[in-house]
Amino acid sequence: MSRFDSVVVVDWSAASVLSPARPSPDAVWIGRNGQESRYFRGRALAEAALRDLIAQELAAGRRLLIGFDFPFGYPAGFAARLTGEASARAVWSWLAARIMDGPDNANNRFALAAVINRQMGGAGPFWGCPPGLNLPGLPARKTVNYAALGLSERRAVERLVPRAQPVWKLYTTGAAGSQALMGLPMIHRLASLPGVAVWPFDAPEAPVVLAEVYPSLLARAVAADTNPLRDEVQVRLLSRALARVDLAPLLDVPEAAREEGWILGAGHVAALEAAL
């Protein structure tokens, strides 16, 4: 089953403070069916809204696809070294038990990344933190030797989409690693709800399917839009494209995705652009 009644795209945020009251970039934005978008100052408010949306769509008997713009998994081997299981779900559970995320967006992501690095010998894999934040085990810049560490810097899908940032990068532009640390505990919670599946780890046949997306796949269309709030444009356009495109080819992914995750639409930019 690859048809959905509603398609939502979520631009997540790893901010440590609430975003401004006025809609701003680098906050949480949620777009639906390419027709509407909502702005949220904090992650807790956005997660509550997503839970409400899931409940409403289930009650109405409608199928719902929700795309989140952060990695759902890590390069092969990381999950087993961190949790003892070669499973993305095990990583979500591990993080959900340890990430602290307050209603004011205050969080411990950098400190927890340093803990993970020390657990793996102290040389990585995570890197990047604000100036002046001195955390033993977390380098401020990329000094990690991934070959020596026995992990890849990139997932298979990030080699297909080289513009996508490595999951280990936690600071400065495009720091998808921080978004993942702050988003995966939510995926763990949402996945525990009845009727919710997470692709590509589950078959996309449940009433509600969560998936990883990368709005920059539509960079050309986003650049052509006149709205200066790029985050709003991205969720609006990608939710529109995913609502219109034939999803069946996009859902067919390689075996590596079963552990590492996959970006919905990777390798299918032309189809997404045509759907707009």
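The values are calculated or read from the model by the stated rules, or taken from the named source; none is laboratory data. Because the structure is a prediction, the values reported are computed rather than measured. Note that we place each Cβ from the backbone using ideal geometry, even for glycine, and neighbour counts take in every protein chain shown.
If Y74 meets every condition in (1) of a type outside the set (V, I, T); (2) crowded, with 16+ Cβ neighbours inside 10 Å; (3) in contact (Cβ under 8 Å) with a residue 40 or more places away in the chain; (4) over 26 Å from P215 (Cα atoms) apart from one, which number is that one?
Here Y74 meets the rest and fails (4).
Of all residues in region 107-148 being of a type in the set (G, A, S) and outside any loop (DSSP other than H, G, I, E, B), which is surrounded by the most Cβ atoms within 10 Å (Cβ to Cβ)?
A113
Would you confirm, using the coordinates I've provided, whether D69 is charged (D, E, K, R) and out of contact with any strand residue (DSSP E or B) (no Cβ under 9 Å at 6 or more places or on another chain)?
Working: charged (D, E, K, R): yes; out of contact with any strand residue (DSSP E or B) (no Cβ under 9 Å at 6 or more places or on another chain): no.
Criteria not met by D69.
Need pairs with beta-carbon distance below 6 Å; first residue in a helix (DSSP H, G or I) and within region 166-178, second not aliphatic (A, V, I, L, M); sequence gap 6+ or separate chains.
As it stands, the answer is A176/F70; A176/P71; A176/Q165; G177/W168; G177/K169; S178/R109, since those pairs meet every condition given.
List every residue pair whose Cβ atoms sit under 7 Å apart, with the two residues 6 or more apart in sequence or on different chains, where the first one lies in region 78-98 and is under 20 Å from W262 (Cβ atoms) and in contact (Cβ under 8 Å) with a residue 40 or more places away in the chain and the second, anywhere, is among the polar types (S, T, N, Q) and in a helix (DSSP H, G or I).
The qualifying pairs are V91/T83.
Do we find a residue being at pLDDT below 95, among the polar types (S, T, N, Q) and over 14 Å from the mean Cα position of the chain (by Cα) anywhere in region 7-23? If you could, list the steps in order and put the result at the bottom.
To start, the set of residues in region 7-23 that are at pLDDT below 95 comprises none.
The answer is no; no qualifying residue exists.
Give region 179-207 a look and list any residue that's under 26 Å from A60 (Cα atoms), of a type in the set (G, A, S) and touching a residue at least 60 places away in the same chain (Cβ under 8 Å), or say none.
Step one: filter region 179-207 for residues under 26 Å from A60 (Cα atoms), giving 186-207.
Subsequent filtering for residues that are of a type in the set (G, A, S) retains 191-192, 195, 197, 203, 206.
Across region 179-207, the qualifying residues are A191, G195.
Restricting the search to region 185-222, which residues are over 17 Å from the mean Cα position of the chain (by Cα), in a helix (DSSP H, G or I) and more than 15 Å from P25 (Cα to Cα)?
Selection gives A219, R220, A221.
Could you list, in sequence order, the residues of region 232-252 that are charged (D, E, K, R) and closer than 20 Å to S6 by Cα? Give the steps one after another, and end with the answer.
At the first step, the residues of region 232-252 found to be charged (D, E, K, R) are 232, 236, 240, 244, 246, 252.
Matches in region 232-252: E232, R236, R240, R244, D246.
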